[in-house]
Structures are given as structure tokens and as C-alpha cells.
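Okay, so here's the structure we're looking at.
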Amino acid sequence: MTATTRAPLSPEVIPTAILAGKAIVTLANRHTGNRFTFQIAICEDKPDLFFVSVLSGTDNVHDYHYLGCIRGACYAHGRKSRIAETAQSAQVFAWFWKHLQRLPLHVEVWHEGRCLRCGRVLTVPASLATGLGPECIKYRAAEDRS
């Protein structure tokens, strides 16, 4: 498996997986063909705060631009974001966050073949469905219980 292999996330793991710490996910709408790639990264100093960025260029490593943040269960568009709140990418993420628990079947969430918690390349087939490697899924389960 290479780092560029994408895999769909199982719907039941999406809410936990995207807040694993170093998530890069692509939201794809099968009806329209539209897709956006988002990076959701945990704030090192505040474990209940996540920064959301959107891929807005051709370099899928460096062309992410800040959109907003997630704190607890709330997403807010950032005042310092250079991307307007009315931009399609911003509206898509806001809609996605609002409908996270009940996504329609035509919306797919793909990860980039790397663990959404630590960023290592996933090689275990079961890990592709969850987006978390075998060690990180243990840590994530422990964090969810506490």
C-alpha cells in the first residue's frame, strides 16, 4: 500500500476518525461529482480544539488553508480565514459537520491511506475501513471511554 491509496471510511467510524488528531479526508458527492479535501488537526495545547483547513491548490501537502475550528461539538468559521464563509468549500465543511451523524448515502468520506491519528501509512486491511492503525485504534478507544 502506498501513501496515496485512498479508502472510504465506514459511516459508523467517521465522527471518531476525523477527530483522531491528524486527519486528512476527502468529502465526495456522488450526485454532483464535487469533492473537497480537508485537514483536521488537533491543537497540541488544547486537546478539545481542532483546526480545519481545506486543500486549495495542487500541492496536496502544503496547499491547505485555514477554514475554522472545532471545539467540543461546535464548528465555527475562523475570523482569520482567508477563505470566505460563503465559499463553496467553507459551506461544504459546515454542512458536513452539521450532518455528521446522519450523512446521506451519496456523500462519501475518504481518507488518504494514512492513520488519521499518527499519520503512518496503513497496511492492515481492517485499518483502511476505520482510518486508524491497530495501535492507534486502541488509544482512541481508551480516549473515548474517558
> Can you give the Rg to Rh ratio for the range 39-90, taking only C-alpha atoms and Rh from Kirkwood?
Replying inline: 0.98
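Roughly speaking, what % of Cα-Cα pairs in the range 1-80 are separated by over 14 Å, rounded to a whole number? Please list the in-between numbers first.
Values: 2136 of 3160 pairs.
When all Cα pairs of the range 1-80 are counted, 68 percent exceed 14 Å.
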> Could you list log10 I(q)/I(0) for the chain at q = 0.13, 0.16, 0.18 Å⁻¹, which the Debye formula gives when each Cα is one point scatterer?
Replying inline: -0.54, -0.84, -1.09
> Once you charge only the Cβ atoms, +1 for Lys and Arg and -1 for Asp and Glu, what is the size of the charge dipole of the chain about its Cα centre, to the nearest 20 debye?
Replying inline: 140
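All of the numbers you see were taken from the coordinates with simple rules; none came from a lab. Just so it is clear, the model here is predicted, and its values are computed rather than measured. Using ideal geometry, Cβ is built from the backbone for each residue, glycine included, and neighbour counts are taken over all protein chains shown.
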